[in-house]
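Peer 1: Quick one: structure below, then a few questions.
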Amino acid sequence: MELAPDLREYVRALSLQQWILTGILLIALDLVCIAVYRLCLSPLARFPGPKLAALTYWVETYYELFVGEGGQFPFEYQKWHKKYGPIIRINPTEIHIEDSYYYETFYAANKPVRKVEALSRRFGNPTAIFNTSPHDLHRKRRAPLAPLFSKRKISSRCHLIQRKVDEVCEIIKSEYKGAGKVLNCKNMFACLACDVMVDYCFGSKGDCIYHPDFAAPLIVATSSLVEPIHWFTQFPVLQTMASVLPDWLTDKLDPNIKHIRKLNSEVMEQCTKTIKAVDAGMTKDESDTIVVSLLRADLPKEEKTLLRLFDETVSLVGAGLEAPARGMNVALFHILNNPPALRTLQKELQEAIPDPDIMPPWEELQQLPWLNCCIEESLRLTYGTSQRMPRILDKEPTIYKEWVIPAGTIVSMDNWPVSHDETIFPDSFSFKPERWLGSPKAPDGKSLQRYQVAFARGTRGCLGTQLGYAELFITIATLFRRFDFAPHEFDIKDVEFHRDRLAVRPPLSSKGVRVLVN
Ligand code: HEM
C-alpha cells in the first residue's frame, strides 16, 4: 500500500528524536488498548478478582519468582478467594475456582479437556502424556499405558515392589539398626520409588538404593530439576535457551544436570535396545515393560519413534518418583509423630503378620483398617501436586453456579484447599487417621473418599494411582512391621507445603524427614 504523498513527506522529515517519540507513543497506545481490552472488553472482565491481576501477568511472575523462596502465588490467590469469593480471575486469561464440592464436576472423567500448550515444554519432554495438550492425542497416547497400571496388573507385579522394599530393609538392618546412624527418609524413599519405576519401564534393575546414605546423584539431580520451574514457566524463552546451551555451561550453572544427562542417555540407550529387540522378536516374558508395550500398541508409526518413547519413559520415571516418595515421607513422619496412631498401627501389623519376614500380598494389606486409614490420611496431606491444574474446555462453556465461563478459557482448581476444607476435614492440618474409619461421609452425604484428591480426577488424573497405593501400602507396612524408628530432629515443616515447584516443597533449609533405627 502506498503512503499518501503528504504523509510520505512528513515521515521523511522526521528527526531521530521524533522517531523515538513516535515509537514510544505507539507502544503506549498499544498498552492502553491492551489494558482497556483486559479490564473492560474481555469476556473475563466481569469476573471478580484484583484488577492488577486482570491487567497483567506480572503479578503472578512477582509471587512465583520474587516473594520469599518463590512459588508463593498459590498462597496469594487463596487470599484473593477469601476477599472476592470462590471464583476469581487470577491473570488476564485464567479463571480459578476454589470450591471442593465442585472439584469432581470440574475434573470429570467425560470432559474432552486439553492442557495449556505453553506449559508442555517445561521439562523438555513435550510428547509425554503428562505434557500432551490436545484431548484426542492425549487419549490415543494414554490408552496403551492404562492397562499396564490397572489394579489387576499392579497386583500381579507387587512382588517386584516387595523385593525392592526387602532390599531397602537389608540396608537398614546392616547399616542403621542400632548403629545410631541418621537415616534420611527423603532420599531413601526417592531411591526406592525411582528403582521401582526403572524396573517397571525397562525391566532392568534400578540401583539408586545402593548409593551410600541413599544419596544417589540421580535423586539429588531430579529433585533440583524442578527448582527453576517458575523461571521456565514465566519466561518460556529460557526453556529454548537452556536446551541449546553447551554441556560445560549447564554444568557450571547446575552441577547436578550431568546426572540428568546421564539418565537421559541411559534411557535413550535402553529405548534403542528395546526397539531393536522387539524388531527382532522377543520372548513373551519380557513383554511386560512399558517400552515394549508401547512398541506393540496399536499406534501409528510416528507414535513409536525413539524420541516419543524417550519422552514418555523419562516423564514416567519423574512422575512415578516424586509423588510416591513424598507420600511415604508424609506417612512416616505423621505416624511417628502421633504415638497413639503408631501404637494402633504396630498392634494391627503384629496381629496380621506373625512373621515379619513373610509379608502378605498387597490385597491382604488393603484389608487392614488402620493401615488403610493411615495411608488415606497421609495421601490427603500429600496433595499430589502443589500447583493449580489448568484445563481448557473448547466446545462448550464451563458452568459454575450462576457463572458461565466462555469456551476456550483456561480454568483451574487446586488440590490442597480441598484437603484443608474444614467443612469436610475438620482440624484439617492434624493427622487423624480415624476420620477414614468405617464408611465416613462428607457433609453433602457423599463418601469422604470422593474428596481424596491426591491423585486428581478426570481424563488427566493420575495414571499411576494403583502403583502409588501399592508402593505406600507395601513400604509403610513392611517398615513399621520390621523396625522401631525414633524421630531425629523432627520438624513438621519438613513435610508441609512452603514452596510450589509443581511438587510440594518444604523450606529450602529443610533437611528432610530423618530417623534413628532401634
Ligand atoms: C502417591 C502417589 C502419586 C500421587 C499422589 C500422584 C498424583 C498425581 C496428580 C495430582 C496428577 C495430576 C497432575 C496435574 O494434572 O498437574 C498426576 C498425574 C500423573 N501421574 Fe501421578 N501420582 C502418584 C503416583 C504416580 C506414579 C507411581 C506414576 C507412574 C506411572 C504416576 C504417573 C502420572 C502420570 C503419567 C500423570 C499424568 C496423567 C495424564 O496427564 O494423563 N503417578 N499424578
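Peer 1: Pick from D444, D427: which is free of Cβ contacts under 8 Å to residues at least 40 places away in the same chain and not in a strand (DSSP E or B)?
Peer 2: The match here is D427.
Peer 1: Can you tell me which residues in segment 55-99 are buried (at least 18 other Cβ atoms within 10 Å of the Cβ) and of a type in the set (S, T, Y)?
Peer 2: Across segment 55-99, the qualifying residues are Y63, Y77.
Peer 1: Also, quick follow-up: Within segment 151-178, can you find the residues that are part of a loop (DSSP other than H, G, I, E, B) and loosely packed, with under 12 Cβ neighbours inside 10 Å? Spell out the reasoning first.
Peer 2: Filtering segment 151-178 for residues part of a loop (DSSP other than H, G, I, E, B) gives 157, 177-178.
Passing the criteria: only G178.
Peer 1: Which numbered condition trips up F425, out of (1) aromatic (F, W, Y); (2) away from the ligand (no atom under 16 Å from the Cβ); (3) open to solvent by less than 30 Å² (accessible area, probe 1.4 Å); (4) farther than 30 Å from R391 by Cα?
Peer 2: For F425, the exception is condition (4).
Peer 1: Let me ask something additional. For L137, are the conditions met, namely being assigned to a helix (DSSP H, G or I), hydrophobic (A, V, I, L, M, F, W, C) and open to solvent by 10 Å² or more (accessible area, probe 1.4 Å)?
Peer 2: Yes.
Peer 1: Could you run through segment 1-54 and say how many residues are open to solvent by 90 Å² or more (accessible area, probe 1.4 Å), modelled with pLDDT of 95 or more and not in a helix (DSSP H, G or I)?
Peer 2: Counting residues in segment 1-54 that are open to solvent by 90 Å² or more (accessible area, probe 1.4 Å), modelled with pLDDT of 95 or more and not in a helix (DSSP H, G or I) gives 1.
Peer 1: Further question on the same structure: Can you name the condition, by its number, that S447 falls short on among (1) crowded, with 19+ Cβ neighbours inside 10 Å; (2) more than 11 Å from the ligand (Cβ to nearest atom); (3) among the polar types (S, T, N, Q)?
Peer 2: (1)
Peer 1: Could you tell me whether T459 is within 16 Å of the ligand (Cβ to nearest atom), over 29 Å from R141 (Cβ atoms) and either of a type outside the set (D, E) or free of Cβ contacts under 8 Å to residues at least 24 places away in the same chain (or both)?
Peer 2: So T459 fails the test.
Peer 1: Still on this structure, I have one more. Restricting attention to segment 317-353, which residues are open to solvent by 20 Å² or more (accessible area, probe 1.4 Å) and under 20 Å from I209 (Cβ atoms)?
Peer 2: Passing the criteria: G318, A319, E322, A323, R326.
Peer 1: State whether one or more residues within segment 115-123 are farther than 30 Å from I424 by Cα, among the small types (G, A, S) and part of a helix (DSSP H, G or I).
Peer 2: Yes, some residue in segment 115-123 is farther than 30 Å from I424 by Cα, among the small types (G, A, S) and part of a helix (DSSP H, G or I).
Peer 1: Filter segment 173-219 for residues that are of a type in the set (V, I, T) and in contact with a strand residue (DSSP E or B) (Cβ under 6 Å, 6 or more places away or on another chain) and give the result.
Peer 2: Passing the criteria: only V182.
Peer 1: I'd like to check which helices (runs of 4 or more DSSP H) are fully inside segment 305-400 and have at least 2 residues that are within 10 Å of the ligand (Cβ to nearest atom). Before you say what the answer is, go through the steps one by one.
Peer 2: Working: elements: 306-336, 339-352, 362-365, 369-380.
Those helices (runs of 4 or more DSSP H) span 306-336, 369-380.
Peer 1: Continuing with the same structure: Output the residues belonging to segment 64-81 that are closer than 18 Å to A54 by Cβ and either free of Cβ contacts under 8 Å to residues at least 12 places away in the same chain or part of a strand (DSSP E or B) (or both).
Peer 2: The one that is closer than 18 Å to A54 by Cβ and either free of Cβ contacts under 8 Å to residues at least 12 places away in the same chain or part of a strand (DSSP E or B) (or both): K79.
Peer 1: In this structure, does P356 turn out to be surrounded by fewer than 19 Cβ atoms within 10 Å (Cβ to Cβ), under 30 Å from V291 (Cα atoms) and in contact with a helix residue (DSSP H, G or I) (Cβ under 9 Å, 6 or more places away or on another chain)?
Peer 2: Values: surrounded by fewer than 19 Cβ atoms within 10 Å (Cβ to Cβ): yes; under 30 Å from V291 (Cα atoms): no; in contact with a helix residue (DSSP H, G or I) (Cβ under 9 Å, 6 or more places away or on another chain): yes.
So P356 does not fit the description; no.
Peer 1: Look at Y200 and say whether it is within 16 Å of the ligand (Cβ to nearest atom) and farther than 30 Å from V59 by Cα.
Peer 2: So Y200 fits the description; yes.
Peer 1: Here's something else I'd like to know. Residues F473, F497: which one is open to solvent by 10 Å² or more (accessible area, probe 1.4 Å) and either in a loop (DSSP other than H, G, I, E, B) or of a type in the set (A, V, I, L, M, F, W, C) (or both)?
Peer 2: F497
Peer 1: Name the pairs whose Cβ atoms lie under 6 Å apart, with the first residue in segment 220-238 and touching a residue at least 60 places away in the same chain (Cβ under 8 Å), the second open to solvent by less than 50 Å² (accessible area, probe 1.4 Å) and of a type in the set (S, T, N, Q), and 6 or more positions between them or separate chains?
Peer 2: Here the result reads F232/Q239; Q234/T61, each pair linking segment 220-238 to a residue that is open to solvent by less than 50 Å² (accessible area, probe 1.4 Å) and of a type in the set (S, T, N, Q).
Peer 1: Here's a follow-up. Considering segment 348-405 alone, what residues qualify as being free of Cβ contacts under 8 Å to residues at least 40 places away in the same chain and either in contact with a Leu (Cβ under 7 Å, 6 or more places away or on another chain) or of a type in the set (A, V, I, L, M, F, W, C) (or both)?
Peer 2: E348, A352, I358, I399, V404, listed by residue number.
Peer 1: Please go through segment 52-66 and pick out each residue that is among the hydrophobic types (A, V, I, L, M, F, W, C) and over 18 Å from A503 (Cα atoms).
Peer 2: L52, A53, A54, L55, W58, V59, F66
Peer 1: It is to be established whether one or more residues within segment 115-129 are acidic (D, E), closer than 15 Å to V418 by Cβ and surrounded by fewer than 19 Cβ atoms within 10 Å (Cβ to Cβ).
Peer 2: Within segment 115-129, none of the residues are acidic (D, E), closer than 15 Å to V418 by Cβ and surrounded by fewer than 19 Cβ atoms within 10 Å (Cβ to Cβ).
Peer 1: All but one of (1) open to solvent by less than 30 Å² (accessible area, probe 1.4 Å); (2) in a helix (DSSP H, G or I); (3) more than 16 Å from the ligand (Cβ to nearest atom) hold for R481; which doesn't?
Peer 2: (1)
Peer 1: Moving on to the next point. Could you identify the single residue in G85, G71 that is touching a Pro at 6+ places or on another chain (Cβ under 7 Å) and at positive phi?
Peer 2: Being touching a Pro at 6+ places or on another chain (Cβ under 7 Å) and at positive phi holds for just one of G85, G71, which is G85.
Peer 1: Within segment 179-197, restricting attention to residues that are open to solvent by less than 20 Å² (accessible area, probe 1.4 Å) and away from the ligand (no atom under 13 Å from the Cβ), which residue is nearest to N518 (Cα to Cα)?
Peer 2: Step by step, filter segment 179-197, then rank; the result is L183.
The values are calculated or read from the model by the stated rules, or taken from the named source; none is laboratory data. Just so it is clear, the structure is predicted and the values come from calculations on it, not from any experiment. Every residue, glycine as well, gets a Cβ built from its backbone with ideal geometry; the counts of neighbours run over all protein chains shown. To get the accessible areas, we keep the full protein, side chains included, count just its heavy atoms, and leave off ligands, DNA and RNA. Shrake-Rupley method; radii C 1.70, N 1.55, O 1.52, S 1.80 Å.
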